[in-house]
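Q: Okay, here's the structure, questions in a sec.
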Amino acid sequence: QVQLVESGGGLVQAGGSLRLSCAASGRPFNAYIMGWFRQAPEKEREFVAAITWSGDTYYPDSVKGRFTISRDNAKTTVYLQMNSLKPEDTAVYYCAASRSRTPLPLSDYDYWGQGTQVTVSS
């Protein structure tokens, strides 16, 4: 089992920044691809970023250049730095862990955090 706990969400104005953290405990942290997903009301959960144990990163076009994922394997923590935030980034953000070799699909992620709300005001 892997336990994931997100923190760092909140309310920010458009153009602002937030950094989310996800603390992991349980099985060896470096065995997993770590991902961030988000879900807005009445929308499907969508991929935001992922990072492999060796530091390879993946982003969809919607956040590329604005969001940065990183991980500290010693602290078993993954981060999501979000800059130039837009109102459409408003969602609940989830951290997840996958034993797959690829960052998608979503169904490959075995463990999920409880989520943290990010609200971007215009």
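Q: Using a 1.4 Å probe on the protein heavy atoms, what percent of the accessible area of the chain belongs to carbon and sulfur?
A: That fraction is 48 percent.
Q: With both partners inside the chain, how many of the DSSP beta bridges are antiparallel, as a percent to the nearest 5?
A: Taking every DSSP beta bridge with both residues in the chain, the antiparallel ones total about 90 percent.
Q: Next question, about the same structure. What residues have an amide H closer than 5 Å to that of F67, excluding those fewer than 5 places away on the same chain, when H is modeled at 1.01 Å from N in the peptide plane?
A: N83
Q: Another question, then. Report, in debye and to the nearest 20, how large the dipole of the chain comes out about its Cα centre when Lys and Arg carry +1 and Asp and Glu carry -1 on their Cβ.
A: Dipole of the chain, to the nearest 20 debye: 260 debye.
Q: What distance in nm lies between label points placed 7 Å from Cα along the C-beta direction at R27 and K75?
A: 2.5 nm
Q: Which number do you get for Rg(Cα) / (2.2 N^0.38 Å) in the range 27-122?
A: Dividing the Cα radius of gyration by 2.2 N^0.38 Å gives 1.03.
Q: Give the range of the longest stretch in the chain that excludes all trypsin sites (Lys or Arg not before Pro) found in loop regions by DSSP and having at most 13 other beta-carbon atoms within 10 Å.
A: By the stated rule (loop sites, at most 13 other Cβ atoms within 10 Å), 1-42.
Q: For the chain, report the accessible area per residue in Å² (1.4 Å probe, heavy atoms, rounded to an integer).
A: 52 Å²
Q: Now for a separate question. Order E88, E46, E6 by their accessible area, 1.4 angstrom probe, all chains in place, largest first.
A: Per-residue accessible area, sorted high to low, gives E88, E46, E6.
The values are calculated or read from the model by the stated rules, or taken from the named source; none is laboratory data. The shown structure was predicted, so the numbers you read here are calculated from the model rather than taken from an experiment. Ideal geometry is used to build each Cβ from the backbone, glycine not excepted, and the neighbour counts take in all protein chains shown. These accessible areas exclude ligands, DNA and RNA; they are computed on the full protein's heavy atoms, side chains included. Shrake-Rupley method; radii C 1.70, N 1.55, O 1.52, S 1.80 Å.
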